[in-house]
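I have placed the structure first, in the form of structure tokens, so that the comments after it can refer back to it.
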Amino acid sequence: MVNLELQSVLEKIAGILVKRGQNVSLAESCTGGLVSAYITSMPGSSKYFEGGIISYSNLVKQNELLVPFSLIESMGAVSVPVAKHMAYGVQQKLQTHWGLSVTGIAGPDGGTADKPVGTVCFAWVGPGFERVTRMNFNKSLSRSEIQQESVAYCLSHFLKILEEQ
């Protein structure tokens with residue numbers, strides 16, 4: 001169930017995108033389609049949401065989102081450059097105004113000293129716009145909580161971007 005705060009964010013995003021005649025697509029890894037699920041939980045989301053690609057494996061990142069193997073090999077799948085390529089890849093593949101991506105380590109395993117559990121990289125690309133960031137959510141959170149925090153961050157930050165434009 002969508003909490004009231006996130007529902008408000010989703011309603012505002014919907015209003016802005018519909019008013020502008022724009023659409024959005026998602027490339028998700030550690031959230032496994034959760035951002036897309038939240039978007040599509042809202043009535044009328046078909047007016048602005050084209051779809052998503054769950055790129056959980058590196059192979060899907062390469063084949064479907066056109067992330068270069070050399071980039072994944074050198075930077076790791078959880079990195080700002082990979083998140084950026086994922087966002088551009090889904091935007092191009094699904095032919096949308098906006099492409100958003102999430103890639104991270106939700107745990108409970110898989111973290112390293114450089115990238116502990118809770119490390120999540122995001123990218124938002126749109127008309128003449130690009131923003132990428134890396135967050136370090138509290139590693140003591142559960143896998144599900146890290147995923148939920150990632151969804152909330154991705155969508156609330158997207159709203160801020162839309163409001164700035």
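Coordinate-derived values only; no laboratory data. This structure is a prediction, so every number in the text was calculated from the model and none was measured. So basically every Cβ, Gly included, is an ideal-geometry build from the backbone, and we count neighbours across all protein chains shown.
Looking only at the stretch 4-164, where both bridge partners belong to it, what percent of the DSSP beta bridges are antiparallel (to the nearest 5)? Mind dumping the intermediate values first?
Numbers: 14 of 24 bridges.
Just about 60 percent of them are antiparallel.
Computed from the C-beta positions of Ser142 and Arg20 and an R0 of 30 Å, the FRET efficiency is 0.25 to the nearest 0.05. First check a/c for the stretch 9-94, with a ≥ b ≥ c the square roots of the eigenvalues of its C-alpha gyration tensor; if it is under 1.5, answer rounded, and if not, answer prolate when a/b is larger than b/c or oblate otherwise. Prolate, since a/c reaches 1.5 and a/b exceeds b/c. Computed from point charges on the beta carbon alone (+1 for Lys and Arg, -1 for Asp and Glu), the dipole magnitude for the chain about its Cα centre is near 220 Debye. Close amide-amide hydrogen proximity is noted between Gly111 and Val117, each under 5 Å apart and 5 or more residues distant or on a separate chain (H modeled in the peptide plane; Pro and chain starts excluded).
Number of Lys-Lys pairs in the stretch 49-165 with C-alpha atoms under 24 Å apart and a separation of 8 or more places or on different chains: 8. For the stretch 129-165, the residues whose amide N sits under 14 Å from a probe point set 7 Å from the Cα of Ala37 along the beta carbon direction are 143-152. Taking the helices alone, the chain has a mean residue ellipticity at 222 nm of -14500 deg cm²/dmol, built from -39,500 (n - 2.57) per DSSP H run of at least 4 residues and averaged over all its residues.
Amide H contacts for Ile54 (H built 1.01 Å from N in the peptide plane; partners 5 or more residues away or on another chain; cut-off under 5 Å): Glu28.
Inter-label distance, Met75 to Asn63: 2.3 nm, where each label sits 7 Å from its Cα along the C-beta direction.
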